Structure formats: structure tokens, C-alpha cells
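*Asks:* Before I ask anything, here is the structure I am working with.
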Amino acid sequence: MTPEPSTRTDSLFAALDQEWLATAREGVAAKPESVARHFASAGRRAGRAPLPDVPGWTADEAARAVLLAALPPDAVAGQVADLYRYGDADEKRAVLKALPLLPVGAEAVPLLHDAIRTNDTRLVAAALGPYARHLDQTMWRQAVLKCVFMGVPLAAVDRLEERADAELAGMLAAFAEERAAAGRHTPDDAIALLDRLTSEKEA
């Protein structure tokens, strides 16, 4: 069972256990415009080490997610859009990873579209986390195929087994044929997914 967003951000905050973050979180709740300053300094203040108690998160990402979750609900969507737009790659990735924990509905889908258009494998992978449930199926398939093309492990794609369909299988098959014709390798996880989808179709 997936933890509720508030529980998830509390666990991120607890894993950091940093006094500056508690003060910053209070400040952001009172003055939403202050989030940009704290967001930018999170890498320096929290560090960038992986968090052993929260797999898949680094300290700066967790701190940024906590800050975003502290924003008043009516300020979240606007601040998230600005922080992503003006942020560096690490800040953009933190925004993408925090989206499932925030009350933004589908408003932040344009951020996913932007991330998927980039050639930054870390951003593409982050865009296909749990918030990608808001992507329509056509865009989602294209994003999965881009992961294969860029060598992003398909394990990064949330709900892959649930959403993969016959049309994605056709796209993967065409991609594999093109790669084979060029004497290039198709990633093993993509071949495994294609084999599964093909066998399901034939069953």
C-alpha cells in the first residue's frame, strides 16, 4: 500500500533530521515566496548523499520535497511551475519527484512533457514516476520508448506492467527491428517486456 503524501513527506523530514529544514519549512508555510531561496540552498544545506532510510531519494531532493509540501495549497501549483522553470537539473528533478506528494492534481503535467523532451536521463526517469499516472496513454507510450532509446532502465517507469499494451508492443517491436538492422542492441528489459506483451497477445 502506498503511503499517504503527508506520511511520505513526514518520513522524508524525519530521515533528514536537520534543524535548518524545520525553520525553513515554517517560513515557507508563512511566506510562500521564500521557498525559492530555501530550494536553491538545499543542496548546500542538506547535502546530496543518498538517504539509506528512504531508498531512491538524496538528501537535497528530500529537503526540497519537504519544502514544497509545506506550501499553502493555493500556492503550490504556481511555485512548483516557477521552481521547475528556473531551476537547475537537480532542482527540476526534485520537483518531478515531489509531484506525487503535492496537491496539484493534473496541473503539473506540462512539467512532465518538458522533462520527457529533454536528453537528461535523470529527468526523463523522474518524469515517469508515480505522477506519470496523469499522462495520457499516447504520451506515456512515447515516453517509455524514449527510455528504451536513451538506456533508462524500465524499472524507473511506474505502473509499467499495468499500463503496457499492444500498441506499446508494436512500437517496441519496430524499434527492435530498426536497431537490429543497424547492428545495434536493444536493452534486455525492453526485449523482456516485448516478449511478455507478445505472449499475452498470442495467449
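*Asks:* Ignoring ligands, DNA and RNA, what accessible area per residue does the chain give at 1.4 Å, in Å²?
*Replies:* That works out to 51 Å² for each residue.
*Asks:* Quickly rank 25-37, 135-147 as a protection proxy: mean count of other C-beta atoms within 10 Å, highest first. Display every interim value, and only then the final one.
*Replies:* Details: 25-37: 15.6, 135-147: 17.2.
Order by mean packing, descending: 135-147, 25-37.
*Asks:* To make sure I understand the rule: partners must be aspartates and glutamates, Cα under 14 Å from the Cα of Lys92, and not fewer than 8 residues away in the same chain. Which ones qualify?
*Replies:* The reachable aspartates and glutamates, counting only those whose Cα sits under 14 Å from Lys92, are Asp60, Glu61, Asp82, Asp114, Asp120.
*Asks:* Candidates (i) 17.0; (ii) 17.6; (iii) 18.0; which is the computed Kirkwood radius over Cα pairs in Å?
*Replies:* Recomputing Kirkwood radius over Cα pairs in Å here gives the entry labelled (iii).
*Asks:* A further question on this structure: Which residue fluctuates the most in the chain, going by a Gaussian network model with Cα springs under 10 Å, if the choices are Thr186, Thr23, Thr121?
*Replies:* Result: Thr23 has the largest fluctuation of those listed.
*Asks:* Calculate what fraction, in whole %, of the accessible area of the range 133-203 sits on carbon and sulfur atoms when a 1.4 Å probe is rolled over the protein chains.
*Replies:* Whole-percent figure for carbon plus sulfur exposure: 53.
*Asks:* Rounded to the nearest 500, what is the chain's calculated 222 nm mean residue ellipticity when only DSSP H runs of at least 4 contribute -39500 (n - 2.57) each, over all residues?
*Replies:* Dividing the helical sum by the residues of the chain leaves -20500 deg cm²/dmol.
*Asks:* Of the candidates Leu99, Leu172, Leu68, which one comes out as most mobile in a Gaussian network treatment of the chain with C-alpha springs shorter than 10 Å?
*Replies:* Among Leu99, Leu172, Leu68, the largest GNM mean-square fluctuation belongs to Leu172.
*Asks:* Working from Cα positions, state the angle (0 to 90°, nearest 10) between the long axis of helix 59-69 and the longest principal axis of the chain.
*Replies:* That helix lies at roughly 70 degrees to the long axis.
*Asks:* If you roll a 1.4 angstrom probe over the protein chains with everything in place, what fraction of the accessible area of the range 1-118 belongs to carbon and sulfur, to the nearest %?
*Replies:* 53 percent
The values are calculated or read from the model by the stated rules, or taken from the named source; none is laboratory data. Because the structure is a prediction, the values reported are computed rather than measured. So basically every Cβ, Gly included, is an ideal-geometry build from the backbone, and we count neighbours across all protein chains shown. Ligands, DNA and RNA are stripped out before the accessible areas are found, and what is left, the full protein with its side chains, is counted by its heavy atoms. Shrake-Rupley method; radii C 1.70, N 1.55, O 1.52, S 1.80 Å.
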